[in-house]
1. Using the count of nearby Cβ atoms within 10 Å as a rough guide to exposure, how do 103, 122, 157 rank from fewest to most?
2. Run the numbers for residue 75 and residue 141: contour at 0.36 nm per residue of separation, minus the present Cα-Cα distance, in nm.
3. Averaging sequence separations of C-alpha pairs under 8 Å and six or more residues apart, then dividing by the length of the range 154-244, give the relative contact order as a whole percent.
4. What ranking do 63-70, 166-173 get when scored by the average of other Cβ atoms within 10 Å per residue, highest first?
5. Would the range 132-191 count as rounded, prolate or oblate if I go by the C-alpha gyration tensor, calling it rounded below 1.5 in a/c and otherwise prolate when a/b exceeds b/c, oblate otherwise?
6. If we count other beta carbons within 10 Å of each Cβ, what is the order of 189, 176, 127, fewest first?
7. So how long is each side of the range 111-244 along the principal axes, counting just the alpha-carbon atoms, biggest first, in Å?
8. For the range 167-235, what class follows from the C-alpha gyration tensor (a ≥ b ≥ c being the square roots of its eigenvalues): rounded when a/c is under 1.5, otherwise prolate if a/b is larger than b/c, else oblate?
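Just so it is clear, none of the values below were taken in a lab; they were calculated from the coordinates. As the structure is a prediction and not an experimental result, all values here were calculated from the model. Don't worry about glycine lacking a Cβ; one is built from the backbone with ideal geometry, like all the others, and counts go over all protein chains shown.
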């Protein structure tokens, strides 16, 4: 087969393929247009969603920062002159209520963003500081059931402290045990165990507390939890000072 024949065959094949392609496109013109339109719409939706999400995330970050600023505002000291333009609060409870309202506003408007989730947790803390224990429990339980394991652990940790402070030690112990069984970066095993031991100590269960301290000391002698446990053991074994 000479070169001219081969070239002619290639040309005929190309023409045939192109012709069939054009015929298919012509016959399926409506389908091609619809599918192309759907693909374009999906791309537009993805782009717009990303732009909207980024914009909302930035706004959430600004609002969360303002709430944190209020939460960290210094308290007014009795007899201390407050400079003009400086905001202060007379008590922890008053500051917590003011900051809590700002955190809740972030939750209501930007609850699906990371800063919105963080604001939800801090709203729970401000309820505790304001003495609104029922609202604190409800809020922290919602955060504890969230998808972010680190934030959920912090919420459970705060709940355990709330339960202990309100005379619900059995529920607090249960939470500390669960946190110990599934430690996270925010609430590691040692921290949960130290809090559990401290709780036992406050209940007068010194033997149970010492057992936990000893285990922590043996498992991680050079770690923060192990060294803290060693200090607790040393202080508990020190002889009591004579009564004057």
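1. The order, fewest Cβ neighbours first, is 157, 122, 103.
2. Length difference between fully extended and current span is 20.9 nm.
3. That works out to 17 percent.
4. 63-70, 166-173
5. Oblate, because a/c is 1.5 or more while a/b does not exceed b/c.
6. 189, 127, 176
7. 55, 34, 23
8. Oblate.
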